[in-house]
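Shown next, in structure tokens, is the structure this report addresses.
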Amino acid sequence: SRSSATIRALTAPPACAESTNQWYLRGPEGGFAYRVGIDPVSNRILAGGAAGVFRFNTFASAWEYANAGAPTKYVGDIARTPTASFINSGGVVARSTDGGATWTPVSDPAMGGAVYSIATSPNAPNRIYAAVDNGGIGNAGGLWVSDNLGTTWTQRALGAGRKIRLVRASPTNANLIFVTDEVDQNGVGNLYRSTDRGI
């Protein structure tokens with residue numbers, strides 16, 4: 001029969017087990033992650049920030065640099081649809097359909113490289129919203145919408161030229177969106193709601 005010490009060793013929790021009710025540092029080394037998301041194709045965790053995009057490799061328990069094709073190293077936002085991940089890469093929307101391995105810029109040139117945030121909704125699997133600051137480029141600012149995964153974009157006329165900083169979409173009604181504009185010199189910003197995709 002086995003000794004009691006052997007039985008205790010077999011039934012004890014592993015040393016690497018993490019207790020609940022506690023946070024553990026799990027970011028990429030030196031990655032300065034500002035945004036996180038889960039890629040729908042690879043189911044890998046994506047982390048982005050000042051150094052670019054990183055993917056977590058669960059088999060190797062390690063982060064991999066995955067910024068190939070992205071126009072810049074800065075990641076300001078992450079969003080996803082059922083078939084693609086999107087990042088705001090330094091003011092340009094970039095899309096990945098291969099699990100976050102490579103990125104393709106899909107912004108409309110008229111956005112002027114001034115995208116501030118992006119949003120998607122599971123309720124509209126091909127739609128992506130982009131909040132754009134005017135960046136000093138005429139009427140580039142406002143809310144932009146794509147219904148074909150970023151292939152083409154439409155700027156909503158009502159807010160054209162405005163400094164839109166944030167957009168978020170309802171997970172159950174993709175037509176219900178919220179946007180905020182730039183905070184003014186008095187520290188006041190506005191929150192807007194639309195029930196018709198920003199029209």
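Details
- Kirkwood hydrodynamic radius of segment 107-199, Cα pairs, Å: 12.9
- A P(r) calculated from all alpha carbon pairs of the chain, with 5 Å bins opening at zero, reads 1, 8, 14, 17, 16, 13, 10, 6, 4, 3, 2, 2, 2, 1, 1, 0, 0 percent.
- Placed amide H near Leu166: partners under 5 Å, 5+ positions off or other chain: Thr180
- Mean residue ellipticity at 222 nm, helices only, the chain: -1000 deg cm²/dmol; runs of at least 4 DSSP H residues each add -39,500 (n - 2.57), and the sum is divided by the number of residues.
- Solvent-free Debye calculation, one equal scatterer per alpha-carbon of segment 28-92: log10 I(q)/I(0) at 0.14, 0.22, 0.28 Å⁻¹ equals -0.34, -0.85, -1.29.
- Test item: Cα-centred dipole of the chain, Lys/Arg +1 and Asp/Glu -1 on Cβ, debye: 420
- Pairs of alpha carbons in segment 64-110 whose separation is greater than 15 Å (percent): 33
- Computed from backbone phi, the HN-Hα couplings of segment 62-70 come to 8, 8, 10, 6, 9, 9, 4, x, 5 Hz, rounded to whole numbers (Karplus: 6.51 cos²θ - 1.76 cosθ + 1.60, θ = phi - 60°; Gly and Pro given as x).
- Charge sum, other residues only, whose C-beta stays under 12 Å from Pro82's C-beta, Lys/Arg counted +1 and Asp/Glu -1: +1
- For the residues Arg55, Arg26, Arg44, a GNM of the chain with alpha-carbon springs under 10 Å puts the largest fluctuation on Arg26.
- Accessible area of Ser194 in the full protein assembly, 1.4 Å probe (Å², nearest 10): 20
- Relative contact order (%) - criterion: Cα under 8 Å, at least six apart; region: segment 11-144: 16
- Across all directions, the average projected area of the convex hull around the alpha carbons of segment 23-66 is 3.2 nm².
The values are calculated or read from the model by the stated rules, or taken from the named source; none is laboratory data. As the structure is a computational prediction, the values presented were derived from the model and not from experiment. All Cβ positions, glycine included, derive from the backbone under ideal geometry; neighbour counts span all protein chains shown. When the accessible area is computed, the model is the full protein with side chains, heavy atoms only, and any ligands, DNA or RNA have been set aside. Shrake-Rupley method; radii C 1.70, N 1.55, O 1.52, S 1.80 Å.
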